[in-house]
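Every number here is computed from the coordinates shown, using simple stated rules; none is lab data. Only a predicted model underlies this, so the values are computations on that prediction, with no experimental measurement involved. Virtual Cβ from ideal backbone geometry, glycine too; neighbours counted across all protein chains shown.
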Amino acid sequence: MVLPSAYLPPISWFVSLRTGEPIFMEQYENYQKQTIRNRCTIDSPNGPLHLSIPIDKSTFIGGKCLMKDVRISTHNDWQHQHWYAIETSYFNSPFFEYLQDDFRPLYEKHWDFLMDLNEALIQKCCEMLDIQPNISRTNEYMGITPFNTDFSPTPYYQVFQQKHGFLPDLSIIDLIFNMGNESLLFLKR
């Protein structure tokens, strides 16, 4: 299975990991803007909130750049803004207090390449989910395997559910901060 590199991927991306098959993250595809490659969606007091990592366009040639070469822009304080949004959104979730110190350092570190940050966050999420998938990067262009074609989410507790209903297929951190060690059981359903 070949998956796109993703910033705090949606739950359906992680459901693909449970197959036990080797997973490849495609690094030889051209970067596609406004996708999960640099964008995630979390639950917030005002409904779904899209967090986007700013990309340094100076490395793009003719508007194109391979995923492995995509650099993160340093022109704004996106890391602080993203962490503040995550903290604001999940501060009252059942497991944020216990898990925030596992994620915060990844938002305090300087990252040059988008794939490196994505990979570190995915590894951290796998650690929190207690799964050990066999993930590696592609050595050549292989193409992306559709990963959410049969995903049918089972509702779980969400902090703002009473305010705006259950929001399916948010970033995996929504599941982790709300369900903690029960998250893996949800992924298996």
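Looking across segment 59-80, not a single residue is without any contact (Cβ under 8 Å) to a residue 12 or more places away in the chain and among the polar types (S, T, N, Q).
Here's a check for you: in segment 12-66, which residue that is among the small types (Gly, Ala, Ser) and outside any strand (DSSP E or B) is farthest from the chain's Cα centre (by Cα)? The qualifying residue farthest from the chain's Cα centre (by Cα) is 62. Of the residues making up segment 88-101, those that are farther than 14 Å from residue 160 by Cα and either within 16 Å of the chain's Cα centre (by Cα) or buried (at least 16 other Cβ atoms within 10 Å of the Cβ) (or both) are 95, 96, 99, 100. Within segment 175-189, residues that are over 13 Å from residue 14 (Cβ atoms) have Cβ atoms under 6 Å from residues that are assigned to a loop (DSSP other than H, G, I, E, B) in these pairs: 177/93; 177/95; 178/93; 178/157; 178/158; 180/95, counting only partners at least 6 apart in sequence or on another chain.
Number of residues in segment 149-167 that are surrounded by 14 or more Cβ atoms within 10 Å (Cβ to Cβ) and touching a Ser or Thr at 6+ places or on another chain (Cβ under 9 Å) equals 7. Suppose we keep only residues that are acidic (Asp, Glu) and outside any helix (DSSP H, G or I) within segment 75-133. Which one would you say is nearest to residue 30 (Cα to Cα)? Once the filter is applied, the top-ranked residue is 112. Residue 66 meets all of the listed conditions (1) surrounded by 15 or more Cβ atoms within 10 Å (Cβ to Cβ); (2) within 16 Å of residue 8 (Cβ to Cβ) but one, namely (2).
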